[in-house]
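For reference, the structure is listed below as structure tokens.
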Amino acid sequence: MEFIAIMKQKIKDLILNASLDAYKKGDLPSSEFPDIEVEVPRIESHGDFSTNIAMVSASVQKMSPKKIAEFVIKHINDSDGIVAKAEIAGPGFINIFVNNLSWHTVLRRIHEEDAGYGASDVGRGRKIQVEFVSSNPTGPLHVGHGRGAAVGDAVANILLFCGYDVQKEYYINDSGRQIRTLGLSVFLRYRESFGEDIQFSDDCYQGDYIRDLSIQIKEHKGNDLLGQDEEEAILYCARFAAEKIIAGIREDLKFFGVEFDNWFSEQSLYDSGKVDKVLNGFRSQDIIYEKDGAHWFKTTDFGDEKDRVVVRNNGQTTYFASDIAYHKDKFERGFERVIDIWGADHHGYIPRIKASIEAAGYSKDRFSVILIQLVNLLRGGEPVAMSTRSGQFVTLKDVIDEVGADAARFIFLTRHHESPLDFDLETAKKKTNDNPVFYVQYVHARISSIVRKGREAGIEKIEWDDRAMDMLKEPEEINLIKTMTAYPETVKCSAESMEPHRVTFYLMNLASSFHAYYNKHRVLTDDPVLTAGRLYLIIAVKKIIRNGLALLGVSAPEKM
RNA sequence: GCGCCCGUAGCUUAGCUGGAUAGAGCGCCGGACUUCGAAUCCGUAGGUCGCAGGUUCGAAUCCUGCCGGGCGUACCA
């Protein structure tokens, strides 16, 4: 159990025993106490922990909260000696201040648990899948995909750290109309390269990469495709292009530090017959009907606002049809929970997927979607033009090349995923306070530097020492330790809410506490005992910074 | 029209799922390097948490209704 949870429990016991004692001694009229809470107050002067017992039991005890608090405090029996001070404040809170010694023990834990500090088993080994990016293989990744990649990867890392059995999956939409359009676009460029004058319709992809692909095909095939049946040629181009583009996407993601456990092909759902199987199953359940020549899935039976087409009147299945099979397949693969990460513009799609999951016999509560809002790419405050139509967009690769993967990933995680994000290329490159990634990484580099200096001065072993710990009593030191005790809880919260930005903010906060401490006190002093204590302290900080950055997929440099 | 998300300091935002005096950063102004990395720190100013009700000991947080913004509302993916 984590330190904070243990302390809360200890204090809760202390308080409940005191209240009971107060009743036995006749100070309080009732032995009944509602559920009380012990929490860490936001404001330092409100103590290390506080409880609301006096307020919540006012009506039962028929006494003012302040009076109750007085009696409770009077009867506290602190045999372990953890309480330094207990006082009544505000409307009746009991604020408890804890001895420094209690805080020092946390440092030992951090050193011992090391890379595992903050880990938990709340996931209890349950299988969970996080599917993200899943960009269509019709073009390179852009910044928006980068945000999804950063969030998805961080969520997966955090879940893993919290004891889930996590799989990261990328769904490849290698079937359907867009792929044909891709093939057509490449094929037209191919023909153009033989001198033909081609009119490109609006729905064709027109980026430079399309021309590159057509050139590659020409190198492989010469003019072979010109003589072939047109549909066959387009299909060939589509397959060739999709494969190349996927390879490029995979490479870009690797460059960004994101690797998937599984790449899942949409086409494979057709090849294995899973799409037909699911649809036939639904037909036998009578939740698919025909109207206007198309086949409709009665999603309204499951809470959707209107029914949805799964087979068009031309006989072709819709994207939704394979998606039904896909989500069913996820559960069949044994995942207890399934997380999809989508762009926020797809939110209207959620009810029908939930409907299909329910219809397939699984609870929709096992499925959740994380929606990612838009990224506005800026340069020095001015919007960067991002037109997919003309193909003039800035790719994720471009952005990483310019600002680095660390800065990009960190900035993507500095905001709640459901609020739009301004990504400014100029600030991402700055090496100042404007740019939070450097602010946090700087702590790691700075501590590394101090430790190196210490080593040069002959300090090799840094370990727990009672005398050294007694020296850690500056307010900034205690504050730093308190911040570190909050790390496990932060990670757990971040996992439960699937909000990685909580870790980001935590790290910025810890960095701030460290920088403040550093500027006020020297670590390497003339007093070897004090120095030992302080080194022990800051190395703990270093470990948490490293651990936290690792969850976010950002490096922790020894030097910068 | 209906559905989802969002309105917090000049700007960008946090707020631990109901707690006390709403925290930061940027920007402005003023300070701190002969000692461990100034890529840092310290200080001042700046708020009716969109508006109006409701729930209770207690609301930025939960409920209702407005106002303002974004997105969605395909036999596209």
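For this structure, a couple of remarks:
- Of A:440, A:491, A:523, A:451, all but one fail to be at pLDDT 90 or above, within 28 Å of residue A:384 (Cα to Cα) and in contact with a helix residue (DSSP H, G or I) (Cβ under 7 Å, 6 or more places away or on another chain); the exception is A:440.
- In summary, residue A:286 fulfils each of the numbered conditions (1) within 16 Å of RNA strand B (Cβ to nearest atom); (2) farther than 30 Å from residue A:194 by Cβ; (3) not aliphatic (A, V, I, L, M) with the single exception of condition (1).
- Enumeration of residues in the range A:47-85 that are in a helix (DSSP H, G or I) and touching a Gly at 6+ places or on another chain (Cβ under 8 Å): A:54, A:55, A:58, A:65, A:66, A:68, A:69
- Among (1) more than 12 Å from RNA strand B (Cβ to nearest atom); (2) in contact with a Lys or Arg (Cβ under 7 Å, 6 or more places away or on another chain); (3) over 29 Å from residue A:127 (Cα atoms) - the single one residue A:308 does not satisfy: (1)
- Candidates A:105, A:51, filtered to the one that is away from RNA strand B (no atom under 11 Å from the Cβ), under 27 Å from residue A:1 (Cα atoms) and of a type in the set (Val, Ile, Thr): A:105
- Summed over the range A:477-501, residues that are among the charged types (D, E, K, R), more than 20 Å from residue A:108 (Cβ to Cβ) and surrounded by fewer than 20 Cβ atoms within 10 Å (Cβ to Cβ) total 1.
- Every condition in (1) farther than 25 Å from residue A:189 by Cα; (2) charged (D, E, K, R); (3) without any contact (Cβ under 8 Å) to a residue 24 or more places away in the chain holds for residue A:259 except the one numbered (3).
- Scanning the range A:188-203 for residues that are in a helix (DSSP H, G or I) and either more than 11 Å from residue A:226 (Cβ to Cβ) or β-branched (Val, Ile, Thr) (or both) returns A:188, A:189, A:192.
- Condition check for residue A:6: within 18 Å of residue A:93 (Cβ to Cβ), more than 9 Å from RNA strand B (Cβ to nearest atom) and hydrophobic (A, V, I, L, M, F, W, C): no
- From the options A:152, A:144, residue that is within 30 Å of residue A:411 (Cα to Cα) and either aliphatic (A, V, I, L, M) or at pLDDT 90 or above (or both): A:152
- Helices (runs of 4 or more DSSP H) wholly inside the range A:390-475 that include at least 2 residues being out of contact with any Lys or Arg (no Cβ under 7 Å at 6 or more places or on another chain) and under 17 Å from residue A:549 (Cα atoms): A:405-412, A:436-456
- Positions within the range A:489-540 being in contact (Cβ under 8 Å) with a residue 40 or more places away in the chain, of a type in the set (Lys, Arg) and either in a loop (DSSP other than H, G, I, E, B) or near RNA strand B (Cβ under 7 Å from one of its atoms) (or both), in sequence order: A:520
- Residue selected from the range A:178-204 under the condition surrounded by 14 or more Cβ atoms within 10 Å (Cβ to Cβ) and among the polar types (S, T, N, Q), by the criterion farthest from residue A:135 (Cα to Cα): A:193
- Meets criteria (within 12 Å of RNA strand B (Cβ to nearest atom) and either surrounded by 21 or more Cβ atoms within 10 Å (Cβ to Cβ) or more than 17 Å from residue A:86 (Cα to Cα) (or both)) for residue A:33: no
- Counted residues, the range A:78-91 - those being surrounded by 13 or more Cβ atoms within 10 Å (Cβ to Cβ) and either out of contact with any Pro (no Cβ under 8 Å at 6 or more places or on another chain) or in contact (Cβ under 8 Å) with a residue 40 or more places away in the chain (or both): 8
- Hey, residue A:365 within 29 Å of the chain's Cα centre (by Cα), more than 30 Å from residue A:403 (Cα to Cα) and either buried (at least 18 other Cβ atoms within 10 Å of the Cβ) or more than 8 Å from RNA strand B (Cβ to nearest atom) (or both) or not: yes
The values are calculated or read from the model by the stated rules, or taken from the named source; none is laboratory data. Owing to the predicted nature of the structure, the values given are computational and were not obtained by experimental measurement. As a convention, Cβ positions derive from the backbone with ideal geometry for all residues, glycine included, and neighbour counts pool all protein chains shown.
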